[in-house]
Each structure stands twice: as C-alpha cells, then as structure tokens.
Amino acid sequence: MSFHHSNDKLLSLASAAALVSDGALVALGGGLSSRLPMALVREMVRQGRRGLHVVGSAHGIDVDLLVAAGSIAVCEESYVGFEQDLGLAPAFRRAAETATIEVRESCCATILAQLRAAEFGLPFMAVRGVRGSDIRGLHPEYGEVTCPFTGETLVAVPPLRPDVALIHAPLGDRRGNLHLDQPYVLDERFAASSRNVVASVDRLVGSEEVDRAGITIPAHLVAAVSEVPYGAHPSSCYPGYAYDRPHLATYVAAATAGGEDLADYLATFVAGVDEEGYRAAVGAARLAALSRWSESTADWKAVFA
Amino acid sequence: MSFHHSNDKLLSLASAAALVSDGALVALGGGLSSRLPMALVREMVRQGRRGLHVVGSAHGIDVDLLVAAGSIAVCEESYVGFEQDLGLAPAFRRAAETATIEVRESCCATILAQLRAAEFGLPFMAVRGVRGSDIRGLHPEYGEVTCPFTGETLVAVPPLRPDVALIHAPLGDRRGNLHLDQPYVLDERFAASSRNVVASVDRLVGSEEVDRAGITIPAHLVAAVSEVPYGAHPSSCYPGYAYDRPHLATYVAAATAGGEDLADYLATFVAGVDEEGYRAAVGAARLAALSRWSESTADWKAVFA
Amino acid sequence: MSFTIDEWFVVALARTIRDRETVFHGFGSPCAQVAMHVARRTHARDMLLVEGATYAVNPDPPFIPPTGNDLVLAQGSTYQMRFEEFFDAAVRGDVDRMFLSGVQIDPHGSTNVTAVGPVSAPKVKLGGGGGGCNLAATVGHLTLWTTRHRSGRTLVETCDFVTDMGHRTREGSRAELGFTGGGPEWLVTELGVFDFDLDGHARLRQLFPDVSLEVVRAATGFPLRVAGDLRPVPPPGAAELAALRGIDPLGVRRSEFSPTDLRRTFEAPTGVPCPC
Amino acid sequence: MSFTIDEWFVVALARTIRDRETVFHGFGSPCAQVAMHVARRTHARDMLLVEGATYAVNPDPPFIPPTGNDLVLAQGSTYQMRFEEFFDAAVRGDVDRMFLSGVQIDPHGSTNVTAVGPVSAPKVKLGGGGGGCNLAATVGHLTLWTTRHRSGRTLVETCDFVTDMGHRTREGSRAELGFTGGGPEWLVTELGVFDFDLDGHARLRQLFPDVSLEVVRAATGFPLRVAGDLRPVPPPGAAELAALRGIDPLGVRRSEFSPTDLRRTFEAPTGVPCPC
C-alpha cells in the first residue's frame, strides 16, 4: 500500500488489466448498475483471467460476466443481481447452485469494517450485528473480541487488503488523479486499503481540469490509469451517460439461456472485440441516447423505457 | 447523537453559547491559529462558564483564553501553544504548573480513534503506538485488547462523545448546513461524534450558496448556528481573513504578565464588550488588513510581519 | 376514486413512517422507495429521507427509475451522505427506520434473501442482503414487507438461511445479542398488515377487504396470530394517491406484484378523510 | 559565498531525506519545514511532501509563514489530505519519514515535549506532542533535530517525560512493543550530526567546523559515542542555499536559534560540488 510516486501512469487497457494476476483478490468499484469498471472487466475476460476472489458491496453485470466467463473462484460481495427490475444474476446463480464458485456472501458494513482495518493499519475491527445472521457461518475467518470497557462480545473481522482495486472514473489525469461523482460507494476506501488501484477513465484530461472538478482519489494511491470512453457501459457514469437498461436485459436473457446465446453475447461484446469494437457493437446511436438524459425529464425517463 | 430535524437553527451568539453547560465535555474545532471558534469561546467566558473538559488536537488562544478565564477544569488536547513563533501558552502553562487545571495530554491519532469509536457506534477502538509513551500513564481510562488473529496486544481507547462541538465556518445557512475550507482538522469527526454541534459562521447565506460552495457539515448534525462576522478572529478563517499575529502577540504578552495586564486584555476584548465591541476594539482597519492577503504575495507576507 | 392494490399497498407502507423519523430503504425495493416519498409528501413532511444507494438526503426526484443507484434519485437533494457516513449513522443509532423484505420471512421477522434450500448447494441462489445483516441489528425500527404472501412460500416457520435477524434466532433474542435496534415493527403483505406481539411474533392487525382470514391462514406457513381488534386496512387518501402517482409515473412499484394481484382494484368509499 | 548556521543546519536536515520518500513535519517546526522544501527543490524532486498541519501534498508556497496551519502553505498543491487520511497513511506505513524535535532527547532518541520536571506539577509545562506519540511508532524513519544542544539541557541521559518513543524505553524496544516504524535515523544539532548505532544509541558522525569534540562532549548529557570516521558536516551547495533563501524570505527558520548561534557565519570552500 505504499504510495505511487510516478508522474505518468497512463497505460493501454490491456497493460492495465494485465496488472491483475490470476487468483488475485480484486475489489470492484462502483455499485449496482453505476460506475462499474466494465472495460477492465471485459479486458480481464479477453485475457482469460482465472481464479479471481472478488470483494465489494452490491454489484451486477460486472460480477455476473466474470462468473459467466469462468474468471471467478470466490465471490465475497454483499449482493449480486439486477434488482427487482431484471431479477437474479443468471451466471452467478447457476454457478452458486452448482457450487462451481464459492460464495462467501458478506455485508456492506462488514466489508467496510474490514477495509477500514487495512486502511487504519489495524489487525482487526469490531462490528455490531452479524451475530444472529447465518452470514457469520460463511466466514470462519471472523473471530470474537470482548470490549475491555463494557465486557460485551463483538464480532472481530480481519483486515481486507485487496491486491488491486478496479475503479472507473469519468475524469482523470495521467498522474492518476481521479474525479468521481457521488455516490462514491466504497471506491475511496478501496483506494486507501488496496495495494494497487488500476483505474479507467472516460476522459483523460489535464491535472488542472481534474483539480477544478475535485480530486476524489489522489494520484499517490493510483498505480495505473487507462482512457476508455464509455468504460463503464452498460452501467452508468454520470454526468456522461445513464445505464443501458435494454443492454442489461439483453445480457440477462443471454446469460439465463446460457449455451449458444451466452457464447454469442461474449463473442459479440467481449472476447471477439476490443473496446472500440464493443462500442461499435453497442452502436453509436444507442450510446448517444444514453447521454441525452440531461436534456429533459422526458428524455431521462425515455432512457429507462 | 440523533439527527437535528429543525429547519431553523439560527440563534443569537448568547443563546448558542448557552447550549454549553458548566462541566460539559467540549470539542473545539479548527486548529493552531486557524478557524478557532473564538466568538463562542469569548461568549462562554462572558457567561462565566466553569469546569469545562476540553478535547481536541493542536490548539492555541482558544484554550489559553478559557484557562485564563478559569473556565477549564480538564484539558485533553494534543498541544496548546503558539508554535515556535510566540512560544508556550502562558495561562495554560501557569495553570498546569500550579495544578489548577488537570492536563490529560493526548495524541491527535488517539483522539481520532476515540471519536471514531463514537462515530462508528463501537465501545472501543484499538490504537498502535501510545505504548512506550508516558502519555499512556496520563490516561487510566485506556485499556488493552488482544487481536484475536495476530495475538498482538494493542492499546484500547474508549469512545469520545463530546457533549458539544464548537465549530466556526466561513459560510452556513439557517438550517445548519456548514461549508468549511481545508484543512477540516477534526471538525467532520467532531460533528459526527458529538451530541450537539454549535456553530458560528462569518456569513449566514441561503442554502443554495452553501450548496454551491459545498456542504462540509450537513444540517442534520447541527443543533444551532449563529452569525458572527470575524467569529474566528484572532485566528484565521480563509478565504475571509488571515490570522492576526500582532493581536496574538498582544494576548501572549498580557497572559504572560498576568495580573493587571491580563485583566485589561479580558476587559478590553472579552468581558467588557460584546462581539461588536470586540471588532471595534480590534479596529476596522486592522480587520480589513487581514483580508488583504489575496491581493498579492507582498500583501500576504505583510499580514505576518 | 378507484385505485389498485399496488397503490394501496405502498400507502400502507408509507403509513408505518412517523414524522421526524430518519428513514432508509435498500436497493431493489421499489415499493418501499415510493412509500418513503409518499410519506414525505403527505403526513411526514419533516422526516429525513435517505434515498437508498445514492444516500441522498431529502431529494425530490422527478420519477423513480428501475434501479436504486441512479443520479435521478438525488435530484433536489442538498446533501449526499457518503456510503460509510450512512452506515456509521445507522450503526450508532441515528437511523430510526429501515424497510426490509425477504423471499422468506419467519414469525419473528427474520428474513432470507440469500438462498432457498441448503446454502452450500442452493435450490435458488438469491441476490444477497446488501447491508441488511448489520443494519437490522441497530436501526431503530424495521418495516418488513412482501408482495408474495399469497404464494404460501414466503411466510415460513423457519428460514432456510437467516440473512437479517428479526426479534430472535436460535442464537437468542436481540437483547441477548446486544443489539441496539428495536427490530421488526410492521410486516405489510399484499393480503394484510401485521405487527409484532410481546413475544416478537407476527400478529395480523389489518386485512385488505378482498381477502379473507382463511386465505391468509392458508398462505401463512406458521400458526396465524390475529389481533382481537382485526380491522380492514384503512383506504388511501386522495393526497396519498396523488403523491404516489406523481412520484412513480413509470410504475416501478408494480414490478413487485404478480400479474394476478395487479388486477385487484378498489373503489374509495366517498368522504374518507386523508390522515395527512 | 557565505552562509549562516541556520542555513547550513537546514541543509543538513534536508539531506536526511531520500528521493521518492513520503515525508511529513509537525507544526512549530520551521527548520524541518524549510528543509523539506529545500530537499524537494534540489536532490529529492520526486519526494511526496506533506505540508504539516495543512496536509497539502507537494505544494509550492511563495513563503513559509510563522504558523504551521496557514493557507499559504497549501499554495500550488493539487491535493490536500484530510487529517485522518494522513494519520491513517502514517499508521499503516505509507509515510517514510517524519521530522521530530524535543526539549529533551535521550541517547535512544526518545523525546520530551510535554513537561520538564514531574508531569503532575511541572517546572515547565511544554506545549505537547500533537500526533507524535502514535506517529513515532509507525513512520518509516525519524529525523530528530534540536538547535539547543549547546545549552547542555537538551541531550539528556533520561527524559523527564517520554512523549515520543525512540529506539527503546523502559517498556522495551520497538520490536518488543510491536512498532512497525524504524525509529530515529538521524539527530541533527547545531553542533553536529548523529546517526544511531546497532544498539539504537546516538553516535556523532559529523561536526560543524567551528565546533570541537570537547564542546559537544560537554554539551551532551550522556556518554558521547563518536563514529570512527568522524567528518565535518559537508557544506551547503549553491543550489541548496538558493532554494532555502527562496522558500524562506521571512527567515522563520531563525526563530529556532539562540542569538549567539545566529552569529555563526561560514565561507564556502570554493568548488565544492553540490550533491544535487
């Protein structure tokens, strides 16, 4: 976790994704269908990454796609799915039900406590809750600690120090300064607790512009940055673009059907193309439509129709 | 620490300061000679507050003035003084050497850990360090905790939940939203861990303006807000004004001499006047000069001459 | 004035909120999400509404989108909490109420959103609990809800997996576990409204008028406890329906209901006073 | 080219910084503060400089003011850490060096800035240690300094009070206490420069040319250990003096020296290469 002093961390997407090794403990930035590091996820699939242990809060297509591609061994997220709208995560569900991945389901607040232990340089953190939940049983690595003042017993959790945090930002500079809009979800905590931050940005700009927008994650925490327009698609990255609900529906249908359909999706949008090809496959018109949210409430509603 | 829902928290300085009871555990915002809640401090002295237990990081005239006025029983700051420039804190030093106040000197990082315990709803926090320092001996309330994973013994510190945090901000609205400029020092942590935040602001503005500047401390954490121009003087509150070094020197000289000289200072600048009188005593010209820092580097240097 | 079950159901959820409470809903909870905005626009104008995964404080979104983490949900808010800022507030006791649902719900209000069947090789792997497992321990009160009571698979004697604890589990009561939150206060289903008795056991308090006690009993997987003063669910007021239709033009709330239930429509008895 | 002791002293401090280190100074430390900027403008251009109580990263202030928490110190910085952000980084081991001074310093580099005499009723109550007591445990290396060695009251056998631990205290060694930082690496005084030997005991390595070994011995309150290769302190280079005079036009560094010492001036032997 020591600081990154280089003044030029700009890498190609391939070189950036290559900083994630097979079997790495990987923190995925963003949450649900917002600011997911999809370009980095797709590139890891192209590179045939295997045996990843992913951690995070509530996620969706990022985790499901990695599971569909066979890249994940252990999943320690607090939620994987598509909410009420598109339902369960098909590949994740299938892999869990056939025990082809290990699901160490966790809780957002517990993950926060474990990241804080790493960030604060402490060997453990205490949490309330968890007791009384069967989630406790999924985590033999948890312990107990007794408060020296009140005598109460709390659950103790070990530090969580990801090998790499994958974070997508709308804006960044080549030194590694990143600007994010709220909600940051766990990205600030991931950045401070992980050994390396590997970032993708929709737009690489000068330091002055990141400074004006506000630096959310400072360069000294970032190991590499890669410029990928629409790098969070099909999740949202405001103010640039809303999430692509029809695309998520297409993916969910393909992943639910599995077999040919899933293979076709992967060939068309991941394995068979680079990111330029991905944007072409999605279509310039569709991408443009996702940026039209700001024009009027009607336009914004239309994006979700 | 439950949230403050009222939409109008504007009080007179007298009513705001009156929310601090004798003997209260008081967190002082700002640090060194920056953004100290001086108007609230002076008003507490006018109201004859007694037996306060003050906590914070590195402070100066705020604590020394309260000590000089006999308002403090216990001082749990990490530093009280005027740095290399003006040296030791005269009243604080005298009171400590004659044991008329109890000095529970602490460390910034330990205070942070204790505030976090309160903010995180935990009955204790572990800290590295402290062992090996005689500061440990000043705190019988500290305990020890053994890490259930590594077996190492760390110092355990109890939650620090101030009765009230006194915070000065350049900008705020009547709902209690506050904008601060960096460094925030411990003010964000004080706001989240204290039962009540009592704030003074140089300028009371509309919510939109605070929103544009950026809300550092949200209304739901704030119990009361009072508008006091130059409310941090003689400490700085940028971008409004730099610190008033000659005034600090005047105070330090008076407090060092004690007796008549100190009594004169208190009469002229505190007990004998309200804040309007205070500003008059300091002088409009001097106050204006402190705002001239931004005109040129030469002007900025001149402020410190 | 006519309305549908999804509208009435959401109003029933909204009425579990008291004014000046700080209230939160998780993601994937359109009914609770809409209900919070209805409450804030009617009887709970001074509540502090924390908008799901955006952690926006008191926003006024033009509409509710199909995802719980979208910028539109923060519109009109002057402040967005950080993720950790919200969780810390909830753990230390500053959040008064949270809405929580479950694919399985037991008589003491424990919920399962993790897995149906054995967790090691589930029959159905569900999405997971997000932050619920810690929040359920410390938030002041919980309003539980389900729109699938009728299925007979939702209100069960024992959850296959307890994601979020109710009033007690085999590990003991909340008091025994040192939990600071009050636990489940209400359970609202598409058939009726339950509170929890002194044993922390669900008790039917109100019935929707098109539902019989027998239907509820048949759909409930544990011995049904019924309050002495069982009443019909009070109908929604005009202001509540107007607020609801205003905040949810896309009808995301309907995604929680079965097609059959969505056909349930009602006529407001004229002259019913709106509680707001 | 002539220069004064305060200038040479600050350059000696600056040279304890290695390039690419993350370095911090506390408040009330003008000499260390100026030294860090000199290092960053000469031999350590890629260091990460954290500017005292402003926690500004790599600022370029037009001058150093008499207080450690002023906006001028953050000028030219693109990022300011939060208070807790800095302390967390230091505790988890991301800060490589910190400058620390003491009114009393013992042979193992423990320092006292709390009280002279018994702490319960001190002869002199000092200001206090700020964040040092935790930072000294985990920061990679410590550069200690004093400008009052000559007084005979500063380098003492035992501190009346240990505010910040050096290599060992009566409680044990750093290893025994589980400290992750390396402890004191250098001790720079207005008489000479010490490193620390394998016992973690201060050892004189360099002398200022106008100071004799006897003067140092007389001023040191513990048995003086002297390195076999005792040398004069290397004189400052032109670039270092230029950087120093540029960053400290107000001469805040001089506030740390006695009037007598401030009269010490030196002539640079011509043709000395600047190490930068």
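The values are calculated or read from the model by the stated rules, or taken from the named source; none is laboratory data. Keep in mind it's a predicted model, so treat the numbers as computed, not measured. Heads up, the Cβs are rebuilt from the backbone with ideal geometry, glycines too, and the neighbour counts pull from every protein chain shown.
If you go through the stretch D:75-88 and pick out every residue that is within 8 Å of another protein chain (Cβ to nearest Cβ) and closer than 21 Å to D:Leu135 by Cα, you end up with 8.
Close contacts from the stretch A:263-276, counting a first residue that is under 17 Å from A:Asp62 (Cα atoms) and a second that is among the hydrophobic types (A, V, I, L, M, F, W, C) and assigned to a helix (DSSP H, G or I), with Cβ to Cβ under 6 Å and a gap of 6+ residues or different chains, come to A:Tyr265/A:Ala254; A:Thr268/A:Ala281; A:Phe269/A:Ala281; A:Val270/A:Val45; A:Glu275/A:Ala39. Among the residues of the stretch C:169-206, the ones that are touching a helix residue (DSSP H, G or I) at 6+ places or on another chain (Cβ under 7 Å) and within 14 Å of chain A (Cβ to nearest Cβ) come to 5 in all. None of B:Val80, B:Val74, B:Val67 is in contact with a His (Cβ under 6 Å, 6 or more places away or on another chain), more than 7 Å from every other protein chain (Cβ to nearest Cβ) and modelled with pLDDT of 95 or more except B:Val74. Restricting the first member to the stretch A:110-133 and to residues that are at the interface with another protein chain (Cβ under 7 Å from one of its Cβ atoms), and the second to residues that are assigned to a helix (DSSP H, G or I) and β-branched (Val, Ile, Thr), the beta-carbon pairs closer than 7 Å and six or more apart or on different chains are A:Phe120/D:Val91; A:Gly121/D:Val91; A:Gly121/D:Thr138; A:Val127/A:Thr110; A:Arg128/C:Val91; A:Arg128/C:Thr138; A:Gly129/C:Thr138; A:Val130/A:Thr110.
When D:Thr265, D:Thr169, D:Thr163 are screened for being of a type outside the set (Lys, Arg) and farther than 28 Å from D:Leu126 by Cβ, only D:Thr265 passes.
Write out, first by first residue and then by second, each pair whose Cβ atoms fall under 6 Å of each other, whose residues are 6+ apart or on separate chains, and whose first residue, in the stretch A:165-189, is at positive phi while the second is β-branched (Val, Ile, Thr) and at pLDDT 95 or above. If the second residue must be β-branched (Val, Ile, Thr) and at pLDDT 95 or above, the pairs left are A:Gly176/A:Val222; A:Gly176/A:Val225. Restricting attention to the stretch D:134-178, the residues that are closer than 24 Å to D:Gly192 by Cα and part of a strand (DSSP E or B) total 9. Of the numbered criteria (1) farther than 28 Å from A:Gly132 by Cα; (2) among the acidic types (Asp, Glu); (3) within 14 Å of chain B (Cβ to nearest Cβ); (4) touching a Phe, Trp or Tyr at 6+ places or on another chain (Cβ under 7 Å), the one C:Asp6 fails is (3).
Here is a yes/no grid of residues against (1) assigned to a helix (DSSP H, G or I); (2) more than 9 Å from every other protein chain (Cβ to nearest Cβ):
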{"residue": "D:Phe27", "(1), (2)": "no, no"}
{"residue": "D:Leu49", "(1), (2)": "no, yes"}
{"residue": "D:Ile64", "(1), (2)": "no, yes"}
{"residue": "D:Leu73", "(1), (2)": "yes, yes"}
{"residue": "D:Gly129", "(1), (2)": "no, no"}
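Quick check on my filter: what residues within the stretch D:29-47 are closer than 23 Å to B:Gly87 by Cα and either more than 11 Å from every other protein chain (Cβ to nearest Cβ) or in a strand (DSSP E or B) (or both)? Those that are closer than 23 Å to B:Gly87 by Cα and either more than 11 Å from every other protein chain (Cβ to nearest Cβ) or in a strand (DSSP E or B) (or both): D:Val34, D:Ala35, D:Met36.
Scanning the stretch C:53-62 for residues that are among the small types (Gly, Ala, Ser) and more than 7 Å from every other protein chain (Cβ to nearest Cβ) yields a total of 1. Of the numbered criteria (1) surrounded by fewer than 16 Cβ atoms within 10 Å (Cβ to Cβ); (2) in a strand (DSSP E or B), the one D:Pro249 fails is (2). Somewhere in the stretch B:158-175, is a residue part of a loop (DSSP other than H, G, I, E, B), away from chain C (no Cβ under 14 Å), under 30 Å from D:Gly183 (Cβ atoms) and more than 24 Å from the chain's Cα centre (by Cα)? For the stretch B:158-175, residues part of a loop (DSSP other than H, G, I, E, B), away from chain C (no Cβ under 14 Å), under 30 Å from D:Gly183 (Cβ atoms) and more than 24 Å from the chain's Cα centre (by Cα): absent.
When C:Pro61 is tested against (1) over 27 Å from C:Thr163 (Cβ atoms); (2) under 13 Å from the mean Cα position of the chain (by Cα), just one condition goes unmet, and that condition is (2).
If the condition is being surrounded by 21 or more Cβ atoms within 10 Å (Cβ to Cβ) and in a helix (DSSP H, G or I), then the stretch B:202-243 contributes B:Val210, B:Ala219, B:His220, B:Leu221.
For a quick check of your reading: which helices (runs of 4 or more DSSP H) sit entirely within the stretch A:19-106 and have at least 1 residues that are without any contact (Cβ under 8 Å) to a residue 40 or more places away in the chain and either under 21 Å from C:Leu126 (Cα atoms) or hydroxyl-bearing (Ser, Thr, Tyr) (or both)?
A:61-68, A:83-86, A:90-97
On inspection, C:Ala121 does not qualify as within 9 Å of another protein chain (Cβ to nearest Cβ), under 18 Å from A:Asp134 (Cβ atoms) and within 20 Å of the chain's Cα centre (by Cα).
For the stretch B:1-43, taking the residues that are closer than 24 Å to B:Arg175 by Cβ and among the polar types (S, T, N, Q), the one that is modelled with the lowest pLDDT is identified as B:Ser2.
Restricting to the stretch D:89-102, name every residue that is within 10 Å of chain A (Cβ to nearest Cβ) and not aliphatic (A, V, I, L, M). Result: D:Arg92, D:Gly93, D:Asp94, D:Asp96. Taking the conditions (1) in contact with a Cys (Cβ under 9 Å, 6 or more places away or on another chain); (2) surrounded by 20 or more Cβ atoms within 10 Å (Cβ to Cβ); (3) under 30 Å from A:Gly121 (Cα atoms) in turn, B:Val63 satisfies each one other than (3).
Do we find that D:Ala218 is in a helix (DSSP H, G or I), closer than 21 Å to D:Thr147 by Cβ, of a type outside the set (Val, Ile, Thr) and over 19 Å from the mean Cα position of the chain (by Cα) in this structure? Yes, satisfied.
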